[in-house]
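Taken together, the values in this text are just the output of simple stated rules run on the coordinates, not laboratory data. Remember, predicted model here, so these are calculated numbers, not experimental data. Here the Cβ is made from the backbone with ideal geometry for all residues, glycine too, and neighbour counts use every protein chain on show.
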Amino acid sequence: MFRTRDLIRDTVKRITPYSPGKDSAEVMRELSITEVTKLASNENPLGPSPMAIEAMQAAVSQVHLYPDPQCTELTAALARHLQVLPDCIVVGRGSDEVISMLGLAFVNPGDEILFSQYPFALYPLTAWMTDAVGVEVPARGFDHDLEAMAAAISPRTRLIFICNPCNPTGTILTNAQVADFMKRVPDHVVVVFDEAYFEYVDDPDFVDALTYVRQGRRVAVLRTFSKVYALAGLRIGYGICSKPVADALKLVRPPFNVNSVAQVGAVASLGDPQQLRNAQEMVAEGKTYLYQQFEQMGLEFVPTQANFILFDSTRGSREVFDALMRQGVTVRTGDIWGLNTWIRVTIGTAEQNRRFVEALKQTLAG
Ligand SMILES: Cc1ncc(COP(=O)(O)O)c(C=O)c1O
């Protein structure tokens, strides 16, 4: 008699389940509190554009119809916005789904997928799901070591994930660093620039990865409406790829993968630069405040180009997580990346940041 577990593919048995940030409703139930300061998943607490909300409300009355499988309007709007050809764009149910499509389209069992130490969870997961070998290249400090990543490319390498800005460290790669690296990437490899936090970057040396798309290199640049545009609950993200890469992804894209409300919300969001600026300003101010607070507390942190900060709490990260949660604040523990005393905190509104700092001071004093 087989147990269900015996029937599961061997590679799937090895998967460590993805652990999402603690759900606010669950925390409120457990602690019998009415409000949680959720700084665990790098969301934008200011919420979506009012224009997007209005457009989505109107779209709800049409949800008896299947969505546009090609995301035609959104693709055209993105192409205009980014100055790329519409054929280069592939929209997914979150950029997560574009990552899965990359695995399905390009990776055979036994191939290798390269990523840096402290990876976003979906990179090793893609390796597991495709029976590939995930090759984690040690970071240099908290930065990608592109020299070591180039040296780790083998004849079996198919995908290289470059998380830029990197989640969880908030560090970035510059144009010059990436230009040197790209010279060393052979043409049997697709390079994926995961730019989920792109809109928060204020460093002028940040790499312009779309250059490689325009040059026709085998690349995919991933962006999302989940973060700065505050549509995480709708699940919509996209890849900007050189055309042959985009064509390959379209072969494995599930039909009707992106719902109609999300498509409408995304188009309207692109037309509201004020919503974007509000979030960018909130994060810039919050960053300055949190840096000051960490400095005053004598806590080491990694300077960030995203809407989160990784800092060393100097205590066990689980212990600090629990203590903060009891005070109604949720964050991410660093132990999932082997950073056992580190915490990743999302930069929130001024009020959320202040609550977090109070709770942290209380925790470290205890
Ligand atoms: C680095 C990175 N890539 C991709 C994603 C996926 O974003 P989504 O699937 O919501 O577009 C996230 C979300 O946390 C992320 O941090």
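Think of the chain as having a plus end and a minus end, set by charges on the Cβ of Lys, Arg, Asp and Glu; of 40, 130, 90, 130 sits farthest toward the positive end of this dipole. When both the range 252-306 and the range 43-88 are represented by their alpha-carbon centers, they are found 18 Å apart.
Among DSSP beta bridges whose residues both lie in the range 50-272, state the antiparallel percentage, nearest 5. Rounded to the nearest five, the antiparallel share is 40 percent. In a reduced charge model with +1 at each Lys and Arg Cβ and -1 at each Asp and Glu Cβ, the chain shows a dipole moment near 720 debye about its Cα centre.
Here's the picture: charge each Lys and Arg Cβ at +1 and each Asp and Glu Cβ at -1 in the chain, and of 170, 108, 343 the one pushed furthest to the positive end of that dipole is 108. In straight-distance terms, cross-link reach from residue 22 covers every one of the lysines whose alpha-carbon lies under 19 Å from its own, apart from those fewer than eight places away in the same chain; here that gives 38, 227. Placing unit charges on each Cβ (+1 for Lys and Arg, -1 for Asp and Glu) gives the chain a dipole about its Cα centre, and among 228, 121, 329 the Cα reaching farthest toward its positive end belongs to 121.
Backbone amide hydrogens, once placed in the peptide plane, bring residue 140 within less than 5 Å of 145, excluding anything fewer than 5 places away on its chain. Taken as Cα centroids, the range 23-42 and the range 111-132 sit 30 Å apart, rounded to the nearest whole angstrom.
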